[in-house]
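Peer 1: Have a look at this one before I ask anything.
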2 protein chains.
Amino acid sequence: MLPIKLTWDAPIKREMKQVEEELRKSVCSEEHLLTDICMHVIGAGGKRIRPGIALLAYKAVGGKEMDKFIGIAASFELIHSASLIHDDINDAGEIRRGKVAAYKKFGVQKALVAGDFLFVRSFRLGGTWDKRVVEIISDACTATAESEMLQSAHDFDAKTSRKVYIKVIGGKTAKPIEAAALVGAYLGKATEEQARALGDYGFNLGIAFQIIDDILDIDGSEKELGKPKGIDLTDGKSTLPLMLAMKNPEVGKRISKLFVKRKKSQKEVKEALSLILRTDAVHMSRRAAQGYSEKANAALDVLPDTPYKKALKELVRVVVSRRT
Amino acid sequence: MLPIKLTWDAPIKREMKQVEEELRKSVCSEEHLLTDICMHVIGAGGKRIRPGIALLAYKAVGGKEMDKFIGIAASFELIHSASLIHDDINDAGEIRRGKVAAYKKFGVQKALVAGDFLFVRSFRLGGTWDKRVVEIISDACTATAESEMLQSAHDFDAKTSRKVYIKVIGGKTAKPIEAAALVGAYLGKATEEQARALGDYGFNLGIAFQIIDDILDIDGSEKELGKPKGIDLTDGKSTLPLMLAMKNPEVGKRISKLFVKRKKSQKEVKEALSLILRTDAVHMSRRAAQGYSEKANAALDVLPDTPYKKALKELVRVVVSRRT
């Protein structure tokens with residue numbers, strides 16, 4: 001008989017439910033529209049990877065006061081949701097989690113306020129611990145803001161270096177995931193070695209996650225993604241697969257030419273996407289993601305064997321093989 | 001010989017300088033553009049009322065560890081600056097503190113990120129104390145977001161009630177000032193009575209401040225304000241003087257008709273402003289502000305007589321008689 005394959009969040013099912021309740025409670029406001037906008041994003045689903053990692057890290061190092069930890073785990077999802085709302089305003093993203101973007105439905109003004117509201121709510125949940133927790137979370141958010149600035153400085157720049165790309169996705173995606181792992185480790189009273197390991201896990205998983213995201217923008221299924229493909233290309237955002245494809249000796253020049261165009265027709269986006277698929281860029285990017293995911297897994301070696309460690313490894317597998 | 005009139009911040013000159021340094025340090029980023037955008041707003045001046053009140057409240061109740069308190073005092077100005085940047089995006093305000101609005105100069109995308117960055121930096125400064133401080137600050141920011149939602153629900157609504165108006169400016173302006181006073185009181189180890197008094201002081205001063213702001217949008221000097229007049233009228237924002245003018249038996253109907261127009265010509269705005277000045281709306285609004293400022297002063301009675309209490313009272317005078 002084959003062993004039953006468990007989902008990554010199997011050992012924290014109950015806690016993940018509590019996180020959902022906390023999220024709903026946190027965005028409750030007497031201004032119902034504010035709650036509606038937040039729930040438009042939070043209620044649309046999402047994988048809840050950030051709170052999940054915080055919970056698993058906490059348990060993996062022997063954290064015991066789970067009930068007290070739910071709020072802080074939820075705060076990572078609130079920050080994430082705030083970023084999604086503001087990002088969509090910035091990128092003019094039309095679809096998010098299979099639904100129309102918040103600013104499209106409610107207007108830029110109200111969506112902007114709702115994003116600020118979510119930041120504040122997460123601050124309230126995350127800030128009621130000690131100084132170290134505030135530092136970890138705010139440093140991650142600082143890195144996010146900085147990386148967005150760095151990214152936009154390289155918009156439509158076909159010469160963006162791999163170093164800049166890793167810095168951008170490091171700040172944008174990996175740092176917040178690292179922060180979730182670090183806070184779980186810290187509050188779970190991890191040793192220094194364990195905390196460093198969980199931080200490395202989160203950071204490398206985050207990089208792998210973003211590379212896969214960037215790949216799916218090229219070869220994903222629009223139906224499964226719940227949004228159109230080719231957004232990065234259209235917006236002139238340098239991603240690893242795009243950068244690699246632009247180096248291809250045969251079609252790279254043509255892809256670059258299309259990439260740097262500020263206004264692209266549907267036809268041009270389609271052409272670029274199909275040219276990219278003729279290169280090994282997607283394959284090489286998947287290998288890069290695989291490399292980071294292996295680093296994430298290896299970092300966990302110093303932790304004792306528990307169902308939580310197993311779940312963290314399963315999460316790596318899920319992230320790298322995901323299609324949405 | 002007449003006594004020399006001291007400015008309200010005279011007893012905290014040194015600390016206010018330290019606040020300035022802290023502000024500059026807080027927005028320092030390796031992404032220079034982020035620092036530039038923040039400094040565009042912070043460096044443009046402003047009265048620094050929020051940190052000033054926090055410092056004075058702290059000292060008025062006998063707070064001693066001033067050096068430790070500078071950061072948190074600065075955090076109120078960072079939150080305020082973040083709000084200004086995001087508000088200008090929302091209201092399409094073109095001029096701020098006599099300079100072109102940040103989003104106009106740097107683009108909506110970068111200004112939005114800079115606002116988020118300022119929020120995070122203030123979180124880092126304000127969140128490193130204890131739970132109560134985080135609660136006070138985040139509750140104030142929550143009230144701000146909620147009141148913005150409430151306000152926009154009443155855009156172009158000539159029937160907005162005075163109760164709604166007070167709730168809007170309470171959340172938008174008075175709560176953050178109240179929070180500055182409360183945090184100063186709390187960390188300065190105020191008695192419960194003193195803390196309540198300083199909270200009342202801050203709240204009532206905030207209401208008076210906003211009413212004066214709303215009056216200046218009607219009868220202020222554009223040169224002194226550093227921005228055009230009639231913005232609230234143009235944007236359909238219900239303010240006390242506008243609400244009172246719309247009730248005037250002679251010209252109220254005409255003002256209302258102009259107020260509810262989504263698109264107004266320059267000529268129409270001018271017409272409405274001059275009609276308002278023919279009513280007693282500005283006079284009555286000043287009286288209302290005076291009433292709140294008296295409440296603010298009266299709240300201070302329970303405090304011991306110190307130069308800090310005197311400065312808090314002087315600040316009330318400055319706020320109510322201000323022209324910018």
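Peer 1: Considering only the range B:148-160, how many residues are part of a helix (DSSP H, G or I) and more than 8 Å from every other protein chain (Cβ to nearest Cβ)?
Peer 2: The qualifying residues number 1.
Peer 1: Right, here's the next one. Out of all the residues in the range A:82-119, which are small (G, A, S) and within 13 Å of another protein chain (Cβ to nearest Cβ)?
Peer 2: A:A82, A:S83, A:A92, A:G93, A:G107, A:A111, A:A114, A:G115
Peer 1: Then there's this: Among the residues of the range A:34-55, write down those that are charged (D, E, K, R) and more than 12 Å from the chain's Cα centre (by Cα).
Peer 2: The answer is A:D36, and nothing else.
Peer 1: Would you check if A:E294 is surrounded by fewer than 19 Cβ atoms within 10 Å (Cβ to Cβ), within 26 Å of the chain's Cα centre (by Cα), acidic (D, E) and farther than 17 Å from A:S238 by Cα?
Peer 2: yes
Peer 1: Does any residue of the range B:167-177 turn out to be in a helix (DSSP H, G or I), in contact with a Cys (Cβ under 8 Å, 6 or more places away or on another chain), modelled with pLDDT of 95 or more and not aromatic (F, W, Y)?
Peer 2: Checking the range B:167-177: at least one residue is in a helix (DSSP H, G or I), in contact with a Cys (Cβ under 8 Å, 6 or more places away or on another chain), modelled with pLDDT of 95 or more and not aromatic (F, W, Y).
One line per residue, one yes/no per condition, for (1) touching a strand residue (DSSP E or B) at 6+ places or on another chain (Cβ under 8 Å); (2) not hydroxyl-bearing (S, T, Y):
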{"residue": "A:S81", "(1), (2)": "no, no"}
{"residue": "A:L84", "(1), (2)": "yes, yes"}
{"residue": "A:D87", "(1), (2)": "no, yes"}
{"residue": "A:V108", "(1), (2)": "no, yes"}
{"residue": "A:L112", "(1), (2)": "no, yes"}
{"residue": "A:T128", "(1), (2)": "no, no"}
{"residue": "A:A145", "(1), (2)": "no, yes"}
{"residue": "A:T160", "(1), (2)": "no, no"}
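Peer 1: While we're here: Can you tell which of A:A272, A:A311, A:A245 is within 20 Å of the chain's Cα centre (by Cα) and among the aliphatic types (A, V, I, L, M)?
Peer 2: Exactly one residue qualifies, and that residue is A:A311.
Peer 1: Still on this structure, please answer the following. What pairs come out if I take residues in the range B:5-32 that are within 20 Å of B:F123 (Cα to Cα) and pair them with residues that are surrounded by fewer than 12 Cβ atoms within 10 Å (Cβ to Cβ) whose C-beta lies under 7 Å away, six or more apart or interchain?
Peer 2: Qualifying pairs under 7 Å: none.
Peer 1: Check B:L118, B:L112, B:L78, B:L55 and return the single one that is crowded, with 24+ Cβ neighbours inside 10 Å, under 17 Å from A:F117 (Cβ atoms) and modelled with pLDDT of 95 or more.
Peer 2: After applying the criteria, what remains is B:L118.
Peer 1: Of all residues being more than 19 Å from B:T142 (Cα to Cα) and of a type in the set (A, V, I, L, M) in the range A:120-136, which is nearest to the other protein chains (Cβ to nearest Cβ)? Just the residue, please.
Peer 2: Per the stated criteria, the residue is A:V133.
Peer 1: Still on this model: Does the range B:38-53 contain at least one residue that is more than 26 Å from B:D213 (Cα to Cα) and in contact (Cβ under 8 Å) with a residue 40 or more places away in the chain?
Peer 2: No, there is no match, as no residue in the range B:38-53 is more than 26 Å from B:D213 (Cα to Cα) and in contact (Cβ under 8 Å) with a residue 40 or more places away in the chain.
Peer 1: What residue, of A:A180, A:A174, is touching a Lys or Arg at 6+ places or on another chain (Cβ under 6 Å), under 21 Å from A:A208 (Cα atoms), more than 13 Å from chain B (Cβ to nearest Cβ) and aliphatic (A, V, I, L, M)?
Peer 2: A:A180
Peer 1: Among the residues of the range A:182-200, are any part of a helix (DSSP H, G or I) and closer than 19 Å to A:S285 by Cβ?
Peer 2: No, every residue in the range A:182-200 fails to be part of a helix (DSSP H, G or I) and closer than 19 Å to A:S285 by Cβ.
Peer 1: Let me ask something additional. Exactly one condition in (1) part of a loop (DSSP other than H, G, I, E, B); (2) under 16 Å from the mean Cα position of the chain (by Cα); (3) crowded, with 19+ Cβ neighbours inside 10 Å; (4) not charged (D, E, K, R) is not met by A:G63; state its number.
Peer 2: (2)
Peer 1: Residues B:A44, B:A57, B:A74, B:A10: which one is under 30 Å from B:L303 (Cα atoms), more than 14 Å from every other protein chain (Cβ to nearest Cβ), among the aliphatic types (A, V, I, L, M) and touching a Gly at 6+ places or on another chain (Cβ under 8 Å)?
Peer 2: Just a single option satisfies the conditions, and that option is B:A57.
Peer 1: One residue is enough: does the range B:92-106 have a residue meeting the conditions modelled with pLDDT of 95 or more and part of a helix (DSSP H, G or I)?
Peer 2: no
The values are calculated or read from the model by the stated rules, or taken from the named source; none is laboratory data. Here the structure is a predicted model, which is why all the values come from computation and not from measurement. Methodologically, a virtual Cβ is constructed for each residue, glycine included, from the backbone with ideal geometry; neighbour enumeration extends over all protein chains shown.
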